[in-house]
Amino acid sequence: MTFARRPRTRCTAGGHIAAATILLGAGCIIPDHEIVIEGVFTNPGAVRIVERIPVGEDADLACKDASDEVNTCPQVPAAGHLPSGWIPTPLCVCPEGASDALAFGEVRVYAEDPDTDDDGEAKDDLFAALLLDFDPFLHEPSDRVAYRNYLQPDRPAERVVSSEYENVIGRADPQLRFFRIVGSSGLVDLCNDNEGSKLSPGIHSLKIVVTDRPWFTPVLRDETGEPVRDPDTGDLVYLPQLVGHPDLAAGATYDTMSWVFSCGEGEECACNSVGP
């Protein structure tokens, strides 16, 4: 047992599945339209994003009663926590060459994946990408990947070492990992530095997608729909990797979490004269 907010959307695939249901209304991100998954279930532990939540004295006492190894309920670390949902900070689009004085410091997103190898070590690498203003009815996830300067989609999550989360109650080590969202300056300026570009004033959404397999890489197909093979080696020919698309055919699971924020402009803005 740990005290953490449950994920908003978590999707998995496995076993003898010959088709996938498109769950756009539930927020699921499906990597392609011809998923065929066969064979045994090889990814029993689904990845999930976890957040720190307020815990009262009664809950801490209940956790202490449940385990002699804790004095308070196990929680993900407080460092870098940015709660999901509405970001109340009055962010701003600043003039060229200026940055937002209210830009965040490093943000950390925590995720569990309980799968382990024979030595008890984490079996799956976790990857994450940020999607800006993503609408599953209008966009492909790979077209909305943003802020690579803050979060690199091909960099695996780091292992968490924290006394707050070491002694989980009633379950195995959840193999907690975290992603750092931060720029080279040590800040996150959402309205002024999306890979060097500024956002338009107004309301924006930001979704993080976390998965336990490398991103989906589609096979090149000919005009009849058959996979193309290299004439010399016979190997399949692949198209570029689609960042933001979990590879369900490879047994991936994934979870998502979202924020909403406003980019203001004008005299009410607090801007620094030095750019991000």
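Below are the figures for this structure:
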quantity: Cβ-derived FRET efficiency at R0 22 Å, Ile169 paired with Asp118, nearest 0.05; calculated: 0.30
quantity: Qualifying lysines (Cα of each under 27 Å from Cα of Lys207; at least 8 residues distant if same chain); calculated: Lys123, Lys198
quantity: Sorted by Cβ density within 10 Å, fewest first, the residues Cys63, Cys271, Cys191; calculated: Cys271, Cys63, Cys191
quantity: Residues Tyr147, Tyr254, sorted so that the one with the fewest Cβ neighbours within 10 Å comes first; calculated: Tyr147, Tyr254
quantity: Positive-end extreme of charge dipole, the stretch 157-276 - chosen from Gln175, Met257, Leu242 (charges on Cβ); calculated: Gln175
quantity: For Cys271, residues with placed amide H under 5 Å, excluding near neighbours; calculated: Ala101
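Values in this text are rule-based calculations from the coordinates and carry no lab data. Quantities reported herein were computed from a predicted structural model and do not represent experimental measurements. We place every Cβ from the backbone using ideal geometry, glycine too, and count neighbours over all the protein chains shown.
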